[in-house]
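Asker: Submitted below is the structure of interest, expressed as structure tokens.
The values are calculated or read from the model by the stated rules, or taken from the named source; none is laboratory data. All values reported here derive from a predicted model rather than from experimental measurement. Cβ atoms come from the backbone with ideal geometry, glycine included; neighbour counts cover every protein chain shown.
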Amino acid sequence: MRLRSTLALAALLAALCAAYWGMQHLGARRAAVVQQGKLLFQFKPDAVRGLTIHQVNGVPVAAERDAGGPWRITAPNPTIRPLQILWNRVSEKLAGMNNERTVADNPGDLKQYGLDVPQLSVEVRTEGAAPETIYVGDVEPTQRYRYARIGNGPLFLLSTDSFFELNRSLDELRHRFAVDDRDANINKLQFAWIWTGELPSDRPVPESPPQVGEESTVIHVERDNPKSPWRMVGPVVAAANQEAIDAFVKEVQFATGRDFVDKPENLSDYGLKPARARITVVDDRSGKAQTILVGRLEEKGKTGGLYIQHVGQDAVFQIDGQLWTLLPKSPLQWRERRLLTRRVTDVNRIEFHGKGDAFTLAKDEKGEWKLEMPSIQDVNQFAVSGYLAVFKELKGESFAVGQPAEFGLDTPETTIDLRYEDGNTAQIRIAPSAKEPGLYYTTQDTGAIMTLKGVAADALLAKSDSFRSRELLRFNKAEAARMELQFENLGLIMEKRDGQWEVTAPTTIHLENQSDAEAILSAVCPLMAVRVESETTPQDLERYGLVKPVLGIYVTVHAGETGKDTRYGQLRVGGVAPDNSQERFAMVDGKTGVFRVTQEVVQNVREALRGFRHVGDPPADK
């Protein structure tokens, strides 16, 4: 193709593209012009300074705002807080509403359009212009539009979606939440009961009650930010109960109101004259205090709620009654009563020094806990986890006021030194009460003095042997191939051949039932000690009946064709414990110490051996 022809075609293509683009642009401009012509109003949303929304069966709700400022409700009650986001939405929708089609320039009978008594009227006031009112009547036959007019202007069709955006009740237009900003974090909180002359049955009447309407001791807690812990700053400076305060703050922050009474005739009807309690919160956005008065709990099954009122507002309303259950019943209820106020996961070393015993638990580089002192290889990880759980959950009974020496804590019977991963340390001191058996005084890791009782103290005052594994014997019973058994005056060797147990020595004894051999295995595997009698293996085993034990057994487990067989034992079960006839002393090779096992081990082996018989003896069932 010649160059001239190519250039001509390129020029033609460019001209066609330009024409197409021009037509598209022109079409878009014409559509925009048409759309602009359908707009009902010629103002921008930001220009709206006032709105009055009047539903047919409701009271007019009016609000206004200054340039760039928030909305404020002016009717029916200026103390009602507006829901800012919804008033802004109405302004935006008004500014973008269209006349879908003009029906009549001068409508005659307004009743036929439902405009004699409009379903809705909205007056809009904009900066520098006279107010305008849009009236909305009935739905037209297609159900897609409603009849509407602005002032005394033409009758037109308004989309049902537009009507929905404007048709807002007072309950929708008001702020219905307990706090101003539900998305802001509450970092300061005050709570106080208010004396009403009456108290719930679960709280005693004070000896010198205050004046009616007077507050009791103020509980004051705060935190630096949402990631830092709560701390109590009044009535005492102390660590705070994180879970209790978090639950309370969450309930306040997300409480939603219902059943509003904007002009209550008598606040006493709602338990608000005087109020039962005061809640004051400060969030991290506004920084201003918001005070909520707590009234009566309306108990009507699932529909009941708690009456509250914001200081500076007339309205009384209900929120979920769950908040009532979270109110602190005493000034120190939100004080942390756990011995360990920091997270137990922050601890990496525990050194225990008690009466006649000491041990050290330490976390290794893998984060696993080991018993460093005394050095024991077979540590019971479940026991370690249980002891750590004690630190996580253990709470004192009450706080004691005084100097440590008054409670024997200057020279305590037990000390527990804690080291944290950040290098900080703390010490818990424990001393028994000189006056009340079973009562202990202890220091919190913060230094506060508390009391402990019963199982709580017992769990904390652990022994080093409690961390030792009490598993004496465990193997794969399905792979057991040989048993060497000595029971009282009887000695047996059994081997498993072709899946069947046989007595190989002495040849004068015969195994009648395979279940008896399996019963012997089950009696010793798995075998757990009920307690550690001695941490070390004593020189004198005669006193435990372990020189000539009543039961001794080795079990060989087959490890497959290429593996090496493993011989477990010898397990020895000796004499009966002098203080408990249901326990016997036991030991196993390779595991230092003497243990106690249940008498049931011997009984089960004895019962199983009754199924064995000497060759020549009649069968057991004859």
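Asker: Can you tell me which of (1) under 30 Å from Arg278 (Cα atoms); (2) surrounded by 17 or more Cβ atoms within 10 Å (Cβ to Cβ); (3) of a type outside the set (Phe, Trp, Tyr); (4) in contact with a Phe, Trp or Tyr (Cβ under 7 Å, 6 or more places away or on another chain) is the one Leu340 doesn't meet?
Answerer: Evaluating Leu340 over (1) under 30 Å from Arg278 (Cα atoms); (2) surrounded by 17 or more Cβ atoms within 10 Å (Cβ to Cβ); (3) of a type outside the set (Phe, Trp, Tyr); (4) in contact with a Phe, Trp or Tyr (Cβ under 7 Å, 6 or more places away or on another chain) leaves (1) as the failure.
Asker: Working only within the range 383-423, note down all residues that are assigned to a loop (DSSP other than H, G, I, E, B) and either free of Cβ contacts under 8 Å to residues at least 12 places away in the same chain or polar (S, T, N, Q) (or both).
Answerer: From the range 383-423, those assigned to a loop (DSSP other than H, G, I, E, B) are 394, 396-398, 400-403, 408-413, 421-423; that's our starting set.
Passing the criteria: Ser398, Gln403, Asp410, Thr411, Gly423.
Asker: May I pose another question? Somewhere in the range 451-463, is a residue touching a Leu at 6+ places or on another chain (Cβ under 8 Å), more than 24 Å from Gln381 (Cα to Cα) and buried (at least 18 other Cβ atoms within 10 Å of the Cβ)?
Answerer: Yes: one or more hits.
Asker: Please list, ordered by first then second residue, the pairs with beta carbon atoms under 6 Å, 6 or more apart or interchain, first in the range 295-313 and modelled with pLDDT of 90 or more, second among the hydroxyl-bearing types (Ser, Thr, Tyr).
Answerer: Listed by first residue and then by second, the contacts come to Gly295/Tyr270; Gly295/Tyr307; Arg296/Tyr270; Arg296/Tyr307; Tyr307/Tyr270; Val311/Thr291; Gln313/Thr79.
Asker: What residue, among those in the range 542-584 that are without any contact (Cβ under 8 Å) to a residue 40 or more places away in the chain and among the β-branched types (Val, Ile, Thr), is surrounded by the fewest Cβ atoms within 10 Å (Cβ to Cβ)?
Answerer: Ranking the qualifying residues of the range 542-584, first place goes to Thr562.
Asker: I would also like to ask the following. Might you check whether a residue that is closer than 26 Å to Ser169 by Cα and either of a type in the set (D, E, K, R) or touching a His at 6+ places or on another chain (Cβ under 6 Å) (or both) occurs anywhere in the range 303-322?
Answerer: Within the range 303-322 (the criterion being closer than 26 Å to Ser169 by Cα and either of a type in the set (D, E, K, R) or touching a His at 6+ places or on another chain (Cβ under 6 Å) (or both)), the answer is yes, since at least one residue qualifies.
Asker: While we're on this one: What pairs come out if I take residues in the range 454-473 that are free of Cβ contacts under 8 Å to residues at least 12 places away in the same chain and pair them with residues that are crowded, with 19+ Cβ neighbours inside 10 Å whose C-beta lies under 6 Å away, six or more apart or interchain?
Answerer: Between residues of the range 454-473 that are free of Cβ contacts under 8 Å to residues at least 12 places away in the same chain and residues that are crowded, with 19+ Cβ neighbours inside 10 Å, there is no close pair.
Asker: Next question. Could you figure out which of (1) crowded, with 17+ Cβ neighbours inside 10 Å; (2) over 28 Å from the mean Cα position of the chain (by Cα); (3) of a type outside the set (Ser, Thr, Tyr) isn't true of Lys288?
Answerer: It fails just one condition, (1).
Asker: I need every pair where a residue in the range 209-221 that is in contact (Cβ under 8 Å) with a residue 40 or more places away in the chain has its Cβ under 7 Å from the Cβ of a residue that is of a type in the set (D, E, K, R) and not in a loop (DSSP other than H, G, I, E, B), sequence separation at least 6 or different chains.
Answerer: Once the first residue is in contact (Cβ under 8 Å) with a residue 40 or more places away in the chain and sits in the range 209-221, its partners that are of a type in the set (D, E, K, R) and not in a loop (DSSP other than H, G, I, E, B) give Glu215/Arg278; Val221/Arg231.
Asker: Going through the range 562-606 one residue at a time, which ones are in a strand (DSSP E or B) and more than 49 Å from the chain's Cα centre (by Cα)?
Answerer: Within the range 562-606, Arg567, Gln570, Arg572, Gly574, Gly575, Val576 qualify.
Asker: Moving to a separate point now. Taking the range 261-287, which residues are within 27 Å of Asn225 (Cβ to Cβ) and free of Cβ contacts under 8 Å to residues at least 40 places away in the same chain?
Answerer: Hit for the range 261-287 is Gly287, nothing else.
Asker: Same structure, new question: Name every residue in the range 101-119 that is under 17 Å from Gln143 (Cα atoms) and outside any loop (DSSP other than H, G, I, E, B), in order of residue number.
Answerer: Once the filter is applied, which keeps residues that are under 17 Å from Gln143 (Cα atoms) and outside any loop (DSSP other than H, G, I, E, B), the range 101-119 yields Arg101, Thr102, Val103, Gln112, Tyr113.
Asker: Checking Ala31 against (1) at pLDDT 90 or above; (2) outside the structural domain of Met97 (by TED's automatic domain parsing); (3) among the hydrophobic types (A, V, I, L, M, F, W, C), which test does it fail?
Answerer: Ala31 satisfies all of (1) at pLDDT 90 or above; (2) outside the structural domain of Met97 (by TED's automatic domain parsing); (3) among the hydrophobic types (A, V, I, L, M, F, W, C) except (1).
Asker: Could you check how many residues of the range 363-387 are in contact with a Leu (Cβ under 8 Å, 6 or more places away or on another chain) and not charged (D, E, K, R)?
Answerer: Initially, the range 363-387 is screened for residues in contact with a Leu (Cβ under 8 Å, 6 or more places away or on another chain), giving 369-372, 379, 384, 387.
From what's left, not charged (D, E, K, R): 369, 371, 379, 384, 387.
Result for the range 363-387: 5.
Asker: Separate question: Need a quick list: strands (runs of 3 or more DSSP E) entirely within the range 127-228 having at least 2 residues that are basic (Lys, Arg) and buried (at least 16 other Cβ atoms within 10 Å of the Cβ). Before the answer, list the steps.
Answerer: Numbers: elements: 132-139, 145-150, 155-159, 186-193, 219-222.
In the range 127-228, 145-150 are the strands (runs of 3 or more DSSP E) which contain 2 or more residues that are basic (Lys, Arg) and buried (at least 16 other Cβ atoms within 10 Å of the Cβ).
Asker: Whether any residue in the range 263-275 is in a strand (DSSP E or B) and either at pLDDT below 95 or not β-branched (Val, Ile, Thr) (or both) is what I want to check.
Answerer: Yes: one or more hits.
Asker: Which residue is surrounded by the fewest Cβ atoms within 10 Å (Cβ to Cβ), if the candidates are limited to the range 63-81 and must be of a type in the set (A, V, I, L, M, F, W, C) and either without any contact (Cβ under 8 Å) to a residue 60 or more places away in the chain or not in a strand (DSSP E or B) (or both)?
Answerer: Ala67
Asker: Report whether or not Gly611 is surrounded by 14 or more Cβ atoms within 10 Å (Cβ to Cβ) and either under 46 Å from the mean Cα position of the chain (by Cα) or of a type outside the set (Val, Ile, Thr) (or both).
Answerer: Numbers: surrounded by 14 or more Cβ atoms within 10 Å (Cβ to Cβ): yes; either under 46 Å from the mean Cα position of the chain (by Cα) or of a type outside the set (Val, Ile, Thr) (or both): yes.
So Gly611 fits the description; yes.
Asker: Could you please tell me which pairs satisfy a Cβ distance under 7 Å, a separation of 6+ or placement on different chains, a first residue in the range 142-170 that is in contact (Cβ under 8 Å) with a residue 40 or more places away in the chain and assigned by TED's automatic domain parsing to the domain that holds Tyr113, and a second residue that is assigned to a strand (DSSP E or B) and acidic (Asp, Glu)?
Answerer: Tyr147/Asp138; Ile150/Glu132
Asker: Also, I was wondering about something else. Residues being without any contact (Cβ under 8 Å) to a residue 12 or more places away in the chain and at positive phi: count how many of those fall in the range 424-453.
Answerer: Residues meeting the conditions: 1.
Asker: Residues of the range 182-211 being modelled with pLDDT under 90 and among the aliphatic types (A, V, I, L, M), which ones?
Answerer: Residues satisfying the conditions are Leu199, Val205.
Asker: Can you list the strands (runs of 3 or more DSSP E) lying wholly within the range 452-547 that have 2 or more residues being more than 27 Å from Arg613 (Cα to Cα)?
Answerer: Ranges flagged: 471-473, 531-534.
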